[in-house]
Protein chains: 2
Amino acid sequence: MFSVKKVLQKPNYFHARSYTLKGWVTSNRGNKKVRFISVNDGTTIKSMQVVFKGDQFDFELLDKLKSGSGLVVEGILKETPQAQQPIELEATKLVEYSIAHEDYPIQNQEMKLETLRDLPHVRHRTNLLRAIMLVRSTLAHEVHRYFMQREFYYMNSPIITSNDGEGAGETFVVNDGEKEPFFGKDKKATLGVTGQLHGESAALGMNKIYTFAPTFRAEKSNTKRHLAEFWMIEPEVAFYDLNQDIALADDLLKVVIRNTMFKNKDELQYLNDTLDNSLLDRLNEFVNTPLKIVEYTQAIEDLAKVKDIFENKDIKFGLDLATEHEKYLTEVVYKAPIAVINFPKEFKAFYMKQNEDGKTVASFDLLVPGVGELVGGSQRENDVNKLLQRIKELGIDQDDLKWYLDLRRFGNTGSAGFGIGFERLVMYVTGTENIRDVIPYPRTAGNIRM
Amino acid sequence: MFSVKKVLQKPNYFHARSYTLKGWVTSNRGNKKVRFISVNDGTTIKSMQVVFKGDQFDFELLDKLKSGSGLVVEGILKETPQAQQPIELEATKLVEYSIAHEDYPIQNQEMKLETLRDLPHVRHRTNLLRAIMLVRSTLAHEVHRYFMQREFYYMNSPIITSNDGEGAGETFVVNDGEKEPFFGKDKKATLGVTGQLHGESAALGMNKIYTFAPTFRAEKSNTKRHLAEFWMIEPEVAFYDLNQDIALADDLLKVVIRNTMFKNKDELQYLNDTLDNSLLDRLNEFVNTPLKIVEYTQAIEDLAKVKDIFENKDIKFGLDLATEHEKYLTEVVYKAPIAVINFPKEFKAFYMKQNEDGKTVASFDLLVPGVGELVGGSQRENDVNKLLQRIKELGIDQDDLKWYLDLRRFGNTGSAGFGIGFERLVMYVTGTENIRDVIPYPRTAGNIRM
């Protein structure tokens with residue numbers, strides 16, 4: 001059976017055909033002779049109006065099918081060119097139903113996002129959360145499709161690991177509550193903060209790989225942009241340098257966003273009208289504007305000229321760009337998506353390729369108007385000695401990384417990759433401000449509801 | 001640039017074209033005037049032979065490019081109809097290379113799977129593990145593609161949860177090592193054993209959903225079929241009954257396996273020749289044989305007739321089928337994939353729909369020749385009172401499941417779903433006997449290597 005989404009795309013084709021609709025009531029009005037019940041089948045934010053007319057229906061029962069009730073109804077599709085919706089269903093038979101209990105918590109569609117956060121098990125049944133979640137699913141599908149079509153190997157890095165990926169600390173510890181540690185006495189078992197290091201091992205041999213999996217950080221900071229559990233997209237390509245890496249990130253984002261805009265037109269229009277009036281303009285602008293590449297030192301010069309407008313005015317080599325700086329660069333100075341490259345090594349991870357200047361590393365942050373950083377990546381250091389030296393400088397335990405160092409000695413001409421926080425991407429594409437609204441069951445400090 | 005996989009599919013088309021090959025050496029032979037180096041680019045188990053001839057090459061250097069070395073080489077593709085491989089590369093320029101260190105641990109392709117388990121960071125560079133991992137990736141891609149094409153919503157259930165999914169115990173506990181528990185004092189934070197319960201909340205409103213994510217079980221049993229961390233595919237469809245659920249599982253498996261057989265012909269042929277001579281026959285048989293549906297009570301009758309051949313001879317209503325029973329049913333009695341349905345409720349999960357006989361639940365196990373159970377699923381109990389009663393009988397904490405019980409009161413006519421252990425599927429399709437060989441970095445009790 002075709003979905004409501006498909007039917008709405010070709011009302012003319014479906015006119016006069018018989019159809020079985022399965023979904024949930026979003027509104028119910030009428031009298032004892034005719035009833036108009038709007039039903040959403042979950043494939044689009046658009047509901048389909050079902051018209052019940054005639055003696056075969058129990059109108060007292062129909063009256064009870066309030067918002068949230070589930071039903072299966074057979075009927076004939078009728079084009080309605082003059083109405084708001086192009087097609088409706090003339091019911092012939094109510095096959096099945098389940099009346100929503102009176103305490104069904106979604107009584108109107110205008111509930112606040114904050115209130116809905118207390119109802120993660122039902123909030124996707126509002127227009128707003130349904131729109132966000134449908135876009136989330138499409139984005140994920142498009143990411144897989146992008147890599148599939150380009151022959152990337154889908155790598156499943158381990159979640160439980162004894163490697164503390166970026167040396168950032170703040171990891172969750174895993175145990176089974178027994179005296180004898182499940183994974184052995186010597187090893188600390190933590191939840192992975194990145195799939196990259198293991199991904200690099202796969203790229204060496206499989207060539208082009210990506211991970212797309214949950215990652216974890218025990219960060220207590222309670223912001224609109226942080227989760228303890230979030231999904232990351234992390235490709236890694238052998239033989240790639242920094243420029244190729246940036247080109248991949250730019251192309252991935254543009255293809256995935258363009259396809260999502262095409263597939264979720266109604267949802268994005270709704271989000272534009274409801275959450276953020278500049279959303280569609282911003283997305284169109286992004287997919288149609290070529291990326292510019294900007295040296296970090298140039299970016300510092302650009303920012304220094306207007307340093308007084310920033311909260312952090314200490315603009316000099318060594319500054320880790322804050323969102324205010326990032327947004328100014330991409331929105332005001334370059335008026336385009338930009339990749340800032342070659343950052344000072346001090347605030348970047350140990351595995352990034354050291355440039356010949358001895359001060360910077362072959363890294364990039366991809367910044368977009370409206371939000372700032374969306375992607376971070378780098379070419380990896382493939383000189384085992386330089387890598388080892390950096391690991392020592394930073395005091396990282398090198399025993400744990402022996403296997404990772406070995407990768408440099410087994411036919412490695414260098415590789416490059418990047419990471420995209422998937423929820424950040426969903427926020428950007430849906431115009432959502434709080435990261436808790438773009439993942440079904442958000443996990444943050446103190447919050448493990450349901 | 002086209003992959004070696006693509007080139008091998010149409011050697012005629014690529015003949016005489018210039019080509020840049022990026023990959024790793026699998027063999028190197030020749031003399032000081034001509035050198036034949038086979039290079040694998042990671043997209044197929046087939047390597048491409050590169051011929052180096054002429055004064056422009058440093059033959060001493062070429063001699064050093066032993067197995068595992070990485071290289072980028074430009075040349076002209078030449079058809080070789082009389083040779084084993086249909087096309088080879090006549091090198092014009094060695095662009096880049098990285099010589100593998102002498103202690104590169106993969107010196108021949110005939111290493112034992114057991115030995116390779118100690119080398120998860122390089123083992124995918126053998127033919128055998130490369131074949132398995134390429135099939136794994138294709139299977140995952142095909143699963144996503146199957147659901148995408150049928151408008152399923154891709155649901156990300158939480159990984160860290162306070163719900164103990166099936167009430168099976170044996171969960172991992174998560175904390176951040178601080179005094180004050182990260183997720184709060186009252187809640188036990190564990191790693192999810194299933195995405196199903198949260199998936200059900202999504203199905204109610206999104207209609208057709210699936211999860212495909214890591215799940216965890218702190219099982220100490222050290223068998224060939226158990227991992228502490230494994231990936232699960234779990235669809236859930238609102239309005240579906242048991243029969244529709246079974247039809248979905250059967251179709252999913254057949255489509256995904258058929259497409260994978262088409263896309264990884266060389267890898268599956270290699271696995272058939274190397275690991276299991278009956279692999280291709282078994283897969284062909286599976287995708288071409290209609291599924292049969294068998295009542296549990298009938299299965300018990302079938303088995304009772306020959307009970308003496310089993311280790312467990314106590315064949316009567318209440319028996320939880322062991323692999324020996326499952327294999328006999330599907331291989332000998334029915335000679336087809338079968339779905340055994342309506343199991344006794346005693347050994348099935350609390351959320352399964354109770355049948356009218358008061359003894360069985362609307363569940364199924366899908367059994368296939370060669371391995372036994374591949375899928376388990378059920379229609380869910382949507383009567384809130386029956387569900388609550390079962391929760392009480394089993395002594396499960398109902399406070400934790402209040403939200404789950406609520407789903408029954410908010411327009412739920414019933415839903416159905418199933419779970420496929422992804423690694424079990426990879427084992428089945430690749431003919432691999434030990435589950436540690438089908439996931440890049442296996443996690444088992446006492447083992448968290450790398």
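The values are calculated or read from the model by the stated rules, or taken from the named source; none is laboratory data. Everything quoted here is computed from the prediction, not taken from an experiment. Note: ideal-geometry Cβ built from the backbone for every residue, glycine included; neighbour counts use all protein chains shown. Surface areas here come from the heavy atoms of the whole protein model, side chains and all, with no ligands, DNA or RNA. Shrake-Rupley method; radii C 1.70, N 1.55, O 1.52, S 1.80 Å.
Here are the numbers for the structure shown:
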quantity: Search result, residues across segment A:399-430 that are away from chain B (no Cβ under 14 Å) and open to solvent by 10 Å² or more (accessible area, probe 1.4 Å); calculated: A:419, A:424, A:427
quantity: Given (1) in contact with a helix residue (DSSP H, G or I) (Cβ under 6 Å, 6 or more places away or on another chain); (2) within 24 Å of residue B:98 (Cα to Cα); (3) open to solvent by 30 Å² or more (accessible area, probe 1.4 Å), index of the condition residue A:361 fails; calculated: (3)
quantity: Close pairs from segment B:98-123: first within 13 Å of chain A (Cβ to nearest Cβ), partner open to solvent by 70 Å² or more (accessible area, probe 1.4 Å), Cβ under 7 Å, at least 6 apart; calculated: B:99/B:64; B:100/B:66; B:120/B:449
quantity: Residues (within 14 Å of chain B (Cβ to nearest Cβ) and open to solvent by 40 Å² or more (accessible area, probe 1.4 Å)) located in segment A:27-44; calculated: A:27
quantity: Residue within segment B:428-439 that is within 16 Å of residue B:198 (Cα to Cα), assigned by the TED database to the domain that holds residue B:261 and not aromatic (Phe, Trp, Tyr) present; calculated: no
quantity: Counted residues, segment A:431-449 - those being assigned to a loop (DSSP other than H, G, I, E, B), open to solvent by 30 Å² or more (accessible area, probe 1.4 Å) and within 12 Å of another protein chain (Cβ to nearest Cβ); calculated: 3
quantity: Pairs, first within 14 Å of residue B:414 (Cα to Cα) in segment B:374-385, second outside any strand (DSSP E or B) and among the hydroxyl-bearing types (Ser, Thr, Tyr), C-beta under 9 Å, six or more apart; calculated: B:378/B:351; B:379/B:240; B:380/B:351; B:381/B:351; B:382/B:413
quantity: Meets criteria (within 14 Å of another protein chain (Cβ to nearest Cβ), touching a residue at least 12 places away in the same chain (Cβ under 8 Å), within 30 Å of residue B:213 (Cα to Cα) and among the β-branched types (Val, Ile, Thr)) for residue A:255; calculated: no
quantity: Residue match in segment A:152-167 (condition: under 29 Å from residue B:148 (Cα atoms), among the polar types (S, T, N, Q) and in the same structural domain as residue A:205 (by the TED database)); calculated: yes
quantity: Condition met for residue B:384 (open to solvent by 10 Å² or more (accessible area, probe 1.4 Å) and at negative phi); calculated: yes
quantity: Residue satisfying condition, being assigned by the TED database to the domain that holds residue A:146, under 22 Å from residue A:418 (Cβ atoms) and acidic (Asp, Glu), within set A:295, A:311; calculated: A:295
quantity: Positions within segment A:325-336 being in contact with a Pro (Cβ under 9 Å, 6 or more places away or on another chain), under 11 Å from residue A:372 (Cβ atoms) and touching a residue at least 40 places away in the same chain (Cβ under 8 Å), in sequence order; calculated: A:327, A:330
quantity: Failed item in (1) farther than 30 Å from residue B:138 by Cα; (2) facing chain B (nearest Cβ under 10 Å); (3) touching a residue at least 40 places away in the same chain (Cβ under 8 Å), with residue A:187 passing the rest; calculated: (3)
quantity: Check on residue B:130, open to solvent by less than 30 Å² (accessible area, probe 1.4 Å), of a type in the set (D, E, K, R) and farther than 30 Å from residue B:431 by Cβ; calculated: no
quantity: Residues satisfying the stated conditions in segment A:55-82, i.e. away from every other protein chain (no Cβ under 14 Å), farther than 18 Å from residue A:2 by Cα and open to solvent by 50 Å² or more (accessible area, probe 1.4 Å); calculated: A:55, A:56, A:58, A:60, A:63, A:81, A:82
quantity: Pairs where the first residue, in segment B:143-160, is over 24 Å from residue A:123 (Cα atoms) and more than 8 Å from every other protein chain (Cβ to nearest Cβ) and the second is modelled with pLDDT of 95 or more and not in a loop (DSSP other than H, G, I, E, B), C-beta under 7 Å, 6+ apart; calculated: B:143/B:212; B:143/B:233; B:143/B:256; B:146/B:252; B:146/B:255; B:146/B:256
quantity: Only listed residue being in contact (Cβ under 8 Å) with a residue 40 or more places away in the chain and more than 30 Å from residue A:25 (Cα to Cα), chosen from B:268, B:204, B:248, B:242; calculated: B:268
quantity: Boolean, residue B:247 is open to solvent by 10 Å² or more (accessible area, probe 1.4 Å), small (Gly, Ala, Ser) and more than 9 Å from chain A (Cβ to nearest Cβ); calculated: yes
quantity: Looking only at segment B:266-286, and only at residues there that are open to solvent by 10 Å² or more (accessible area, probe 1.4 Å) and among the hydrophobic types (A, V, I, L, M, F, W, C), the one that is farthest from residue B:331 (Cα to Cα); calculated: B:275
quantity: Criterion violated by residue B:52 - all others in (1) within 14 Å of chain A (Cβ to nearest Cβ); (2) buried (at least 18 other Cβ atoms within 10 Å of the Cβ); (3) more than 35 Å from the chain's Cα centre (by Cα) satisfied; calculated: (1)
quantity: Matching residues in segment A:178-214 - criterion: being of a type in the set (Asp, Glu) and either outside the structural domain of residue A:238 (by the TED database) or surrounded by fewer than 24 Cβ atoms within 10 Å (Cβ to Cβ) (or both); calculated: A:178, A:180, A:186
